[in-house]
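Reading through the structure tokens given below for one structure.
No value in this document is a laboratory result; all are computed from the given coordinates. From a predicted model like this one, the values you see are computed outputs, not experimental measurements. Neighbour counts run over all protein chains shown; Cβ positions are idealised from the backbone, glycine included.
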Amino acid sequence: MNILFTASECVPFVKTGGLADVVGSLAPVLAKQGHDVRVMLPMYSAIPQDWQAKMQFVLHFDVQLGWRRQYCGVMMLKKDGVTYYFLDNKYYFGRPYIYGLGGDEYERYGFFCRAVLNALPLLPFHPDVLHAHDWQSGMVPALLKIQYTHLPFYANIKSIFTIHNLQYQGIFGIKEVQDVLGLGDGLWSGDKLECYGCANFMKAGLVYSDAISTVSPSYAEEITTAYYGERLDGLIRTRRDSLYGVLNGIDTDEYNPEHDPLIYKPFSLQKLAGKAENKRRLQEELGLTVDAGTPLIAMVGRLTNQKGLDLVDSVLGEMMNEKMQLVVLGMGDARYTNLFSWAEGQYHGQMAARFAMDTVLAHKLYAGADFFLMPSLFEPCGLSQLIAMRYGTIPIVRETGGLRDTVLSYNEFSKDGNGFTFLNYNAHDMLVVIQRALYYYEKDKAVLASLQKRGMEGDYSWAHSARDYLDIYQKLLEHV
């Protein structure tokens with residue numbers, strides 16, 4: 001099968017969130033199974049020079065955007081059996097940021113979507129399946145269906161659109177998007193591209209793709225409801241027969257405590273003493289009281305309401321009254337950076353916060369913490385809980401989306417489970433579950449050892465998910 005991914009980010013080249021991990025991990029797994037997998041990305045100036053030096057120039061062409069003609073260069077790099085194409089235009093992607101500061105995101109990613117389709121006939125590759133990821137690629141399936149399928153080259157290309165986070169939709173003015181992409185007035189109705197008086201790149205992908213996927217079975221169900229559907233639930237319900245929930249995996253080579261060069265000391269389920277050493281060194285590095293007997297709870301991720309931080313805000317004082325330590329790593333809203341900055345000073349030695357995207361420290365937290373807290377308001381899949389379990393760090397999560405699919409609460413009667421969970425989005429429900437975890441830490445280490453063992457033995461690789469995606473691709477091609 002010839003498979004083309006289009007996305008706005010991909011590890012190891014550029015990353016702001018989980019989308020990059022998914023694209024960068026899934027593509028090589030599919031390639032190893034004998035498929036020709038290629039990935040198209042914007043050529044950001046933020047891509048490290050080490051990678052840029054390995055790229056080779058392939059070709060260039062002009063992209064028509066309304067009255068504009070814009071240069072597009074194609075750079076190529078091969079890695080792990082995957083061919084990566086980087087679409088180069090310094091005006092759009094040579095900026096010192098990835099997303100959001102210039103006010104012309106519709107034009108930047110309109111250019112990207114148009115350039116993806118225009119580049120294909122110029123390359124020695126004809127995709128069977130075009131797999132577009134998140135709103136930045138949402139116009140690719142739409143333009144393919146609206147403007148390209150009458151051309152023989154594009155006629156049999158099938159498209160699938162993956163929602164990584166429905167909250168981020170790419171909403172812009174209709175006139176602006178119309179001007180850039182040449183989409184006629186007849187397309188701006190509620191059953192096509194118009195969305196509450198605006199243009200919506202996410203909706204474009206949902207309406208015009210041949211199939212839709214999202215990143216966990218539970219999230220696929222949740223987004224058909226008004227509570228989680230972000231005003232697109234009605235549309236998603238009409239496409240329920242084409243909607244698939246495929247759970248993400250993680251790169252089990254990168255996240256392997258036995259061979260991780262970023263942590264203080266490698267360890268395994270058979271040699272867990274190394275985990276205790278990671279905790280001690282982490283406490284030292286972050287200025288926490290060095291105490292093996294005090295449970296350490298970590299949080300890694302964007303500092304936003306989505307991650308349940310308003311729950312933490314509500315009961316932080318009560319949490320700090322417990323015998324525990326808390327470490328927070330991430331960047332985001334000023335409300336939470338201010339909160340955790342204050343808390344670090346207020347609870348010196350018990351609380352630490354670092355406001356950065358720090359991969360090395362993230363690995364150290366996964367390896368050194370006892371528990372990993374994810375009280376998310378919603379969580380399409382979540383990778384952090386999977387990584388935490390791989391490092392023997394027990395998750396404490398809210399039962400939503402992918403967290404519900406991957407973390408089973410400990411049952412004291414059947415002894416089943418691999419973590420601790422709560423259902424209602426309520427601060428004291430969260431607090432009670434944290435206290436339950438702390439109780440077992442203090443009183444019954446055997447329970448924690450069994451949860452830790454199940455977590456470390458779990459299979460979080462992309463193998464299952466890759467098979468699921470291949471099944472979807474096959475179904476699409478059977479209907480050519």
| task | Assuming 1.002 mPa s and 20 °C, estimate D for the chain with Stokes-Einstein, Rh taken as the Kirkwood radius over Cα pairs, in µm²/s. | result | 91 µm²/s
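Please identify the longest segment of the chain free of exposed chymotrypsin sites (Phe, Trp or Tyr not before Pro), where exposed means a DSSP state other than H, G, I, E or B and no more than 12 other Cβ atoms within 10 Å. Please list the in-between numbers first.
Working: sites that count: Trp67, Tyr97, Tyr196, Tyr227, Phe413.
Between the exposed loop sites, the longest stretch runs 228-412.
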| message | If you take every residue apart from Tyr441 with its C-beta less than 11 Å away from the C-beta of Tyr441, what net charge results, scoring Lys and Arg +1 and Asp and Glu -1? | response | 0
| Rough spin-label spacing in nm, given labels placed 7 Å along Cα→Cβ, for Gln52 and Arg335 | 3.8 nm
| request: State the antiparallel share, in %, of DSSP beta bridges confined to the chain, rounding to the nearest 5. | output: 30 percent
| query | Which lysines, on any chain, are close to Lys54 with Cα under 25 Å apart, when same-chain ones fewer than 8 places away are left out? | reply | Lys15, Lys32, Lys78, Lys79, Lys90
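Starting from the Cα-Cα distance between Ala449 and Ala276, subtract it from 0.36 nm times their residue separation and give me the gain in nm to one decimal.
So the chain would gain 61.0 nm between Ala449 and Ala276.
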| Roughly how many Å is it from the Cα centre of the range 23-88 to that of the range 158-182, as a whole number? | 21 Å
| message | I'd like to know which of Met374, Met331, Gly190 lies farthest towards the positive end of the charge dipole of the chain, counting +1 on Cβ of Lys and Arg and -1 on Cβ of Asp and Glu. | response | Met331
| task | Treating cross-link reach as a plain straight distance, find the lysines whose alpha-carbon is under 28 Å from the alpha-carbon of Lys443, omitting any fewer than eight places away in the same chain. | result | Lys265, Lys271, Lys275, Lys279, Lys323, Lys364, Lys415, Lys453
| task | Considering Cα pairs under 8 angstrom that are at least six residues apart, work out the relative contact order of the range 153-230 and quote it in whole percent. | result | 40 percent
| task | Using Cα centres only, tell me the gap between the range 270-347 and the range 369-395 in whole Å. | result | 14 Å
| For the range 273-457, what D do you get in µm² per second when you plug the Kirkwood radius from alpha-carbon pairs into Stokes-Einstein at 10 °C and 1.306 mPa s? | 99 µm²/s
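How high is the relative contact order of the chain, in percent, counting Cα pairs under 8 Å that sit 6 or more residues apart? Spell out each step's value before the answer.
Working: 911 pairs, mean separation 57.3, N = 480.
In percent, rounded to a whole number, it is 12.
I need to check one value: relative contact order of the range 273-457, counting alpha carbon pairs closer than 8 Å and at least 6 residues apart, in percent.
On the way: 321 pairs, mean separation 38.5, N = 185.
Value for the range 273-457: 21 percent.
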| So what is the 222 nm mean residue ellipticity for the chain from helices alone, if each DSSP H run of at least 4 adds -39500 (n - 2.57) and you divide by all residues, rounding to the nearest 500 deg cm²/dmol? | -11000 deg cm²/dmol
